[in-house]
Amino acid sequence: MKSLLERNLAKIMPKGRAMILAYDQGFEHGPRDFKANPQSADPAEIIKIAKEGGFTGLVVHGGIAEKYKSIIVEGEVPLILKLNGRSEIYTGDDPYSPLLYGKTAEEAVAWAAKIGGKAVGYTVYTGSKYENLMNQEFSQIIRWAHYYGLVAIGWMYPRGESLRKKMLSDDDPDVVAYGARIGMELGADIVKVKYPGNVGYFRWVVRCASPTNVVMSGGPKTETSESFFAQVKDVLTGGGAGVAVGRNVWQRTDSIEFAKKLKRLVLR
Ligand code: FBP
C-alpha cells in the first residue's frame with residue numbers, strides 16, 4: 001500500500017507532472033500584483049481558476065487557507081501551505097524569510113497537516129547572509145513534512161548582496177542549478193526555480209537536482225501567452241516536472257482558458 005506521502009505526491013504530480021497555481025504574491029509583493037486584473041485580489045476568484053483550470057495544487061498562506069478551507073479542501077483542490085514569507089517593503093538588508101504558523105518546524109507542519117494541506121512550501125535565499133538559518137529551517141520542515149505524510153517543496157531562490165558583488169543574476173544558469181542542488185541535498189520532493197534561459201540550461205538544472213523534481217516558477221507576466229508556453233516547452237523538454245505559476249495565469253483576463261491550454265501542455 002502506498003504511503004500518505006506517496007499519495008499526496010501523486011495528487012500534486014499526477015503522472016509525474018505538476019501544474020501548481022501560486023498565490024502568495026499578495027504577501028511577497030503586495031497588492032501591486034493585483035492591479036493588472038483587480039479581480040485577482042479576491043481569493044475566491046483564484047480558487048475558481050485553480051479548480052476550473054485543472055491545477056494540481058494551490059499555494060496560499062495560512063489566513064486564506066483557513067478562511068476558504070471549505071472551497072479549497074472540500075473542493076478537492078490540493079492545498080499547499082506556504083510556511084514562510086516576507087514583504088518586499090523592507091529592502092535594507094539581505095533577504096530572510098522567517099518560519100510562520102508555529103515557533104518550530106514541527107508546529108508549523110502539524111498545523112498545515114491539520115487543516116488539510118497536501119504539501120508545504122518554504123523559500124530559501126541561498127547566498128543571503130541568513131542562508132544557514134533558512135537551510136536549517138527548511139531541513140527541519142522537510143523532515144516533519146515527511147513524518148506527517150506531506151510533500152516538501154522548496155522555493156530555491158539564490159539572492160542577496162553576495163550575488164550582487166559577484167555580478168550574478170538570480171536566473172544565471174549556474175546560480176539556478178546551485179539553488180536546485182541545495183534543495184535536493186536537503187531532501188525536498190520538489191524544487192521551484194527561476195527559468196534559466198533555455199532548454200539546455202534547464203536540463204542541467206534538472207540533472208543537478210535529480211532525483212528531486214524541478215518545476216519552473218512563472219515570473220512576471222509575459223507579453224504574449226505564446227512566449228510563456230515556449231518557456232514551458234523548454235522546461236518539459238529539459239526534463240522538468242512542470243510549473244508553479246501565478247501572475248502569468250491570474251493577471252490575464254482569460255485565466256481559465258489560459259490554464260486549460262497550459263494543462264494540455266503540462267499534464268499530457
Ligand atoms: P509567479 O509565477 O507569479 O512569479 O509566482 C512564483 C513565485 O515564486 C511566488 O510563489 C512568489 O510569491 C513569487 O514568485 C516570489 O517572487 P520573487 O521573490 O522573485 O519576487
For each of 45, 76, 28, count neighbouring Cβ atoms within 10 Å of the residue's Cβ, then give the residues from fewest to most.
-> 76, 45, 28
A student asked for the Cα radius of gyration and Dmax of segment 117-179 in angstrom ought to give 13.2, 41
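Please say if the chain is rounded, prolate or oblate, where rounded means a/c under 1.5 for a ≥ b ≥ c the square roots of the C-alpha gyration tensor eigenvalues, and otherwise the choice is prolate for a/b larger than b/c and oblate otherwise?
Working: a/c = 1.20, a/b = 1.05, b/c = 1.14.
It comes out rounded by the Cα gyration axes.
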Low-density loop GluC sites (Glu not before Pro), segment 207-268, at most 16 other Cβ within 10 Å, DSSP non-H/G/I/E/B, are 223
Expected sort for 61, 146, 29 with the fewest Cβ neighbours (10 Å cutoff) up front is 29, 146, 61
One finds the C-alpha centres of segment 192-213 and segment 72-125 to be spaced, in Å, by 24 Å
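To the nearest 20 Debye, how big is the dipole of the chain about its Cα centre, given +1 on the beta carbon of each Lys and Arg and -1 on that of each Asp and Glu?
Numbers: 36 positive and 29 negative charges, 142 e Å.
Rounded to the nearest 20 debye, it is 680 debye.
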DSSP beta bridges in the chain [antiparallel fraction, %, rounded to 5] | 5 percent
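All of the numbers you see were taken from the coordinates with simple rules; none came from a lab. Note that this is a predicted model, so its numbers are computed, not measured. Backbone-built Cβ (ideal geometry, glycine too); neighbour counts: all protein chains shown.
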